[in-house]
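Here's the structure we're looking at; comments come further down.
The values are calculated or read from the model by the stated rules, or taken from the named source; none is laboratory data. For clarity, every value in this text was computed on a predicted model and none was experimentally measured. In this analysis, Cβ positions are derived from the backbone assuming ideal geometry, glycine residues included, and neighbour counts consider all displayed protein chains. Only protein heavy atoms, including side chains, enter the accessible area calculation; ligands, DNA and RNA are left aside. Shrake-Rupley method; radii C 1.70, N 1.55, O 1.52, S 1.80 Å.
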Amino acid sequence: MEYLITKEMLSQFIELNRKKKEIELNLEQLKNVFNQYFDDACGKNKKGEMVINEFKLQRQIRTTEKYEPEITVKRLQELHLEDLIQRKPDDAKIKSALHLGLLKTEDLKDCIKSSSSQAIYVKKIENE
């Protein structure tokens, strides 16, 4: 298979990559402004929405929980549940053990690490 790569293609690639970085920086600045607005209007890590003319601005919050590896491994060893441990806690096996009643949620409550991320969406509302 033969490829034809030209000077123009390389030049275009560099220019598009420069524009992409500029656009990403502008988007990040706008997202920071939007997040600051929602932090002030709704509270940190709270979802919110506003409508300005035909645009809707929304912030959604995603929360993820993960088991802290060191603490969880130690706790599972204390509970003699080594088969739930690989090199790190096995989320699927832990969920199964919880489901089967071999493990209680309280047994691992201080092993869970929660984190949140913010997502900004802007939509144009179509007039009906």
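Tabulated data
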quantity: Surface share of carbon and sulfur [accessible, 1.4 angstrom probe, percent] for the stretch 1-83; calculated: 55 percent
quantity: Dipole axis of the chain (+1 Lys, Arg; -1 Asp, Glu on Cβ), positive-most option in Thr64, Ser114, Phe34; calculated: Phe34
quantity: The chain - mean residue ellipticity at 222 nm from DSSP helices (-39,500 (n - 2.57) per run, n ≥ 4, rounded to 500); calculated: -15000 deg cm²/dmol
quantity: Those chymotrypsin sites (Phe, Trp or Tyr not before Pro) in the stretch 1-51 that DSSP places in a loop and that have at most 15 other beta carbons within 10 Å; calculated: Tyr3
quantity: Whole-number accessible area per residue in Å² for the chain, which is evaluated in the context of all protein chains at 1.4 Å; calculated: 85 Å²
quantity: Loop-resident sites, the stretch 1-43, for GluC sites (Glu not before Pro), counting at most 15 other Cβ within 10 Å (DSSP); calculated: Glu2
quantity: Nearest-ten-degree value, helix 7-42 long axis tilted from longest Cα axis of the chain; calculated: 60 degrees
quantity: Cross-link reach list, lysines versus Lys21, counting only Cα pairs under 25 Å and skipping chain neighbours closer than eight places; calculated: Lys7, Lys31, Lys123, Lys124
quantity: Radius 15 Å from Cβ of Leu25, net charge of other residues (Lys, Arg +1; Asp, Glu -1); calculated: +2
quantity: For the chain, alpha-carbon Rg and Dmax in angstrom; calculated: 23.9, 65
